[in-house]
């Protein structure tokens, strides 16, 4: 085989890995989008307090840092594809425990259930994201990373655009259990897709100095604020909607238009980042997303919430694809250290916001505390605009 044929064969192998990942991620997204938005609501309906649920999230984030490190140190033995399949199986087990939550609470007590759920959640999250990062690193290159990331992030959301709304309809009409069951079936199908996909051989190592990476601390602040933003939108926001007495079916409807915006602009944002760099769209996205968070905190009805979340879908997609594509483009040479660096600082951001939320709950009523946290996240997301302007390690 000559050099040209070898390059064509290698490119074909990368494409096959990439499309396997797109298909598996699509099935996983649909499964999780049906129910993940409503998991905090489900726990509230089991009579856990907001404070206890926040402590549960805090434990998950702290445990995730530890497990990411352990997994990255051992990923060469476990293998990447196997780790991703393990993450899908852990998600299945997580939903099985939620399905039988009342029985487990009666038998072992409410706090035992939360401990079990937190451990399974840590396994599912760390195995998935560690494997996902390595999978994508080895299925793309620096030149087209933005476009491929745009496709990878947009296709699952586009196909599963109705999933949160469908989940809301299923829960409202048939209860949580049928939704858990459908999610489990989709995750089983995603696992089967990966079983027949091509495996990845990656030599992953961790350099502690690069994990903490004080030489490029501006990048670390980007990850920190990204993690903080995640908590505001994925954990704090659903609880805020619940406190505002928004019906579950309306919660799903709110995300219908937001997912459309996110899907469309993630794809185009990825292409733009390859052609013109990611600095400008990252700055535009962070400013716009911070504004959407302000509108969320001020929302009092479904219409205003739909507008603010759709605005967040538009600007959030630009922000995330710019930052994530930058990470993938500039981290190929030291994947293990880069992944651990990113996950550590993102989780420190998540931990910090949950701790702040717990502190505010000691002095403020739930609604006011939630608003304060969303406003704080909006402020730091706006500050992210200036950090992106100065960063030279992942943003170009």
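Using only the Cα atoms of the stretch 11-390, build the gyration tensor, take square roots of its eigenvalues as a ≥ b ≥ c, and label the shape rounded, prolate or oblate: rounded if a/c is under 1.5, else prolate if a/b is larger than b/c, else oblate.
Rounded is the answer for the stretch 11-390, as its axis ratio a/c remains below 1.5.
Sort 332, 68 so the one with the fewest other Cβ atoms within 10 Å of its own Cβ comes first.
332, 68
I need the calculated FRET efficiency for the pair residue 45 and residue 77, taking r as the beta carbon distance and R₀ as 30 Å, to the nearest 0.05.
E(calc), rounded to 0.05, equals 0.15.
Pop the C-beta distance of residue 247 and residue 106 into the FRET formula with R0 = 25 Å and round what comes out to the nearest 0.05.
0.35
Using the 10 angstrom Cβ neighbour count as an exposure proxy, how do 130, 179, 360, 368 rank, fewest first?
So the ranking, lowest neighbour count to highest, is 368, 360, 179, 130.
Can you give the relative contact order of the stretch 253-396 as a percent, counting alpha carbon pairs under 8 Å and 6+ residues apart?
38 percent
Please list 95-104, 377-386, 336-345 highest first by mean number of surrounding beta-carbon atoms within 10 Å per residue.
The densest-packed peptide leads the list: 336-345, 377-386, 95-104.
For the residue pair residue 358 and residue 280, what label-to-label distance in nm results when each label sits 7 Å from Cα along the Cα-to-beta-carbon direction?
Modelled inter-label distance: 4.4 nm.
Sequence gap at least 6, Cα distance under 8 Å: using those rules, report the relative contact order of the stretch 11-390 to the nearest whole percent.
Taking the mean separation of contacting Cα pairs over the length of the stretch 11-390, I get 27 percent.
Going by C-beta contacts inside 10 Å, put 244, 105, 319 in order with the fewest on the left.
244, 105, 319
Answer rounded, prolate or oblate for the stretch 247-396, using the Cα gyration tensor with square roots of eigenvalues a ≥ b ≥ c: rounded when a/c is under 1.5, else prolate when a/b is larger than b/c, else oblate.
oblate
Since every read-out is calculated from the coordinates, none of them should be taken as a lab result. This structure is a prediction, so every number in the text was calculated from the model and none was measured. Neighbour counts run over all protein chains shown; Cβ positions are idealised from the backbone, glycine included.
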